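Working notes for the structure below.
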Amino acid sequence: MEKIGFLFDLDGVIVDTAKYHFLAWKDLAEELGISFTPKDNERLKGVSRMASFEVILEIGNRQMSQEEKEAYCTRKNSVYLNYIDKLRTDEVLPGARQFLEAAREAGIPIALGSASKNSRRILEKLELTELFDAIIDGTVVSAAKPDPEVFTKGAEALGLPYESCIVFEDSLQGIQAGLNAGSKVVALTTTVSRDKIEKLKANKIIDNFAGLEIDDIIAL
Ligand code: B16
Ligand code: MG
């Protein structure tokens with residue numbers, strides 16, 4: 001059998017960190033007198049920290065220097081990390097830990113492909129680090145999804161051709177990034193509605209990992 005690898009997004013696939021990003025951004029937005037709603041937060045999923053802040057500034061019709069933006073992003077991150085440091089292992093999304101463990105047992109190499117610069121800290125808190133052979137995150141990737149960089153780098157780290165990898169993603173940009181890499185994509189409906197996901201060409205759509213068998217995925 002041809003060797004395959006798995007490439008996992010983090011937020012919305014393994015854990016819901018979006019709610020903590022929201023709380024931290026909301027704090028900052030309030031301080032700046034900008035109204036920031038849960039609906040606005042949807043625009044930040046899968047988007048880098050700086051690009052997220054630029055969306056918030058656009059909502060508030062505000063401009064500031066690069067230096068000021070960086071200072072605000074640093075402050076937002078320290079508020080966000082207070083939440084991350086309280087993450088519990090039972091916050092792993094349904095079935096994800098079991099699916100990762102089953103993949104490991106089946107000898108399938110696994111890489112993370114996330115925009116977050118805090119990925120390693122989050123995996124540590126969730127006690128999942130040992131299940132990953134490679135971590136490709138916001139500290140090593142420069143192009144934002146839907147650019148395929150995060151997943152092509154993941155496949156390269158696993159020593160596999162892009163088309164031999166299967167990407168697990170929840171955001172529309174992330175699903176498109178996986179397809180742009182030439183990989184197969186399993187889309188999760190955790191954060192975006194099924195009808196929007198169906199407009200893309202994902203190979204499989206699932207609600208979560210509960211009950212998902214490795215063989216269902218190998219067969220793709
Ligand atoms: P950080 P993913 C993304 O994670 C989040 O979806 C996005 O909302 C966040 O802005 C981004 O990580 C950067 O996060 O501030 O921790 O570097 O979906 O790519 O795993
Ligand atoms: Mg995501």
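The values are calculated or read from the model by the stated rules, or taken from the named source; none is laboratory data. These figures come from a predicted structure and were not determined experimentally. Glycine also receives a Cβ, built like all others from the backbone with ideal geometry; neighbour counts cover every protein chain displayed. Heads up: the accessible areas ignore ligands, DNA and RNA and are worked out on the full protein's heavy atoms, side chains in. Shrake-Rupley method; radii C 1.70, N 1.55, O 1.52, S 1.80 Å.
Assessment of segment 102-123 against the conditions (β-branched (Val, Ile, Thr) and either out of contact with any strand residue (DSSP E or B) (no Cβ under 8 Å at 6 or more places or on another chain) or in a helix (DSSP H, G or I) (or both)) yields at least one matching residue. Taken over segment 169-188, the criterion of being part of a loop (DSSP other than H, G, I, E, B) and more than 12 Å from ligand 2 (Cβ to nearest atom) is satisfied by Ala181, Gly182, Ser183. In segment 103-127, the qualifying residues are those that are within 16 Å of ligand 2 (Cβ to nearest atom) and open to solvent by 10 Å² or more (accessible area, probe 1.4 Å), and the one that is nearest to Gly154 (Cα to Cα) is Ala115. Scanning segment 1-22 for residues that are within 12 Å of ligand 2 (Cβ to nearest atom) and in a loop (DSSP other than H, G, I, E, B) turns up Asp9, Leu10, Gly12, Val13, Ile14, Asp16, Thr17. Residues of segment 175-212 that are free of Cβ contacts under 8 Å to residues at least 12 places away in the same chain and acidic (Asp, Glu): Asp195, Glu198. If you take the residues of segment 164-192 that are open to solvent by 50 Å² or more (accessible area, probe 1.4 Å) and among the polar types (S, T, N, Q), which of them is farthest from ligand 1 (Cβ to nearest atom)? Step by step, filter segment 164-192, then rank; the result is Asn180.
Scanning segment 23-48 for residues that are assigned to a helix (DSSP H, G or I) and away from ligand 2 (no atom under 14 Å from the Cβ) turns up Leu23, Ala24, Trp25, Lys26, Asp27, Leu28, Ala29, Glu30, Glu31, Pro38, Lys39, Asp40.
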